[in-house]
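Here the structure comes first, spelled out in structure tokens, and everything after it is commentary.
Where a number appears in this text, it was derived from the coordinates with a stated rule and is not lab data. None of these values were measured; they are calculated from a predicted model. Neighbour counts are summed over all protein chains in view; Cβ atoms, including those assigned to glycine, are modelled from backbone coordinates with ideal geometry.
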Amino acid sequence: MKINANGGGLHGFNACRPGITATGHRRWLNINPKETSMDCTNLKARFGDRFKVVYEESYFGEYSENAWIEDPWYMILLCVNGHICPWDAGRLAACTRGPGKIVQRLRALPFAEVTQDGDDGANVAFPLEHFEEMAEIMQPRKRRRLSEEQRRQSVERLRKYQFGAARQAAEADHLSVPEGTPV
């Protein structure tokens with residue numbers, strides 16, 4: 001299925017997103033993300049062990065708030081200086097929150113291609129193999145990790161709030177269980 005059939009219009013993220021035409025108009029299509037024509041980097045699979053990966057807000061408009069569809073086109077890495085999102089099959093995009101020194105630093109990189117530059121920030125496409133250099137500038141938010149000692153302390157601290165078995169609750173007379181019901 002070709003989404004950007006006329007070769008013009010949108011580029012990168014919006015060009016390949018299901019339900020968006022080449023002119024930027026929304027089409028109400030029931031498209032399986034695995035059936036779209038272009039692949040992109042799955043940020044959760046590639047960077048999810050190190051960085052916080054979330055879905056952008058339009059994911060919930062496309063699928064619903066309770067959706068369990070893993071669509072890599074809607075994944076973003078939250079960063080101190082904006083976010084990083086998929087651009088096309090071999091590239092990602094760094095999106096800043098505003099103009100300034102961050103945009104200047106991104107422009108100075110030889111492998112970076114400024115695709116949009118405005119008063120509210122810039123979008124800069126870059127090859128996937130240069131992610132570490134881009135991450136130094138954008139500063140993706142890291143996943144919180146607990147050491148074994150922190151994990152043990154948390155388990156001990158929260159043990160009294162743990163759910164007990166139904167039998168324990170019934171024995172404590174907090175739950176009435178009808179006779180003949182296995183507990």
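Structure values in brief
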read-out: Segment K160-E65, extension gain: residue separation times 0.36 nm, minus the distance between their alpha carbons; value: 31.0 nm
read-out: C79 long-range amide H proximity, modeled H, under 5 Å; value: I84, R141
read-out: Computed E for L146/K101 - FRET, C-beta separation, R0 41 angstrom, nearest 0.05; value: 0.75
read-out: Sum of side-chain charges, V124 neighbourhood, beta-carbon under 11 Å (Lys, Arg +1; Asp, Glu -1); value: +1
read-out: Burial ordering of R50, R144, fewest other beta-carbon atoms within 10 Å first; value: R144, R50
read-out: Residues L92, L78, L158, sorted so that the one with the fewest Cβ neighbours within 10 Å comes first; value: L158, L78, L92
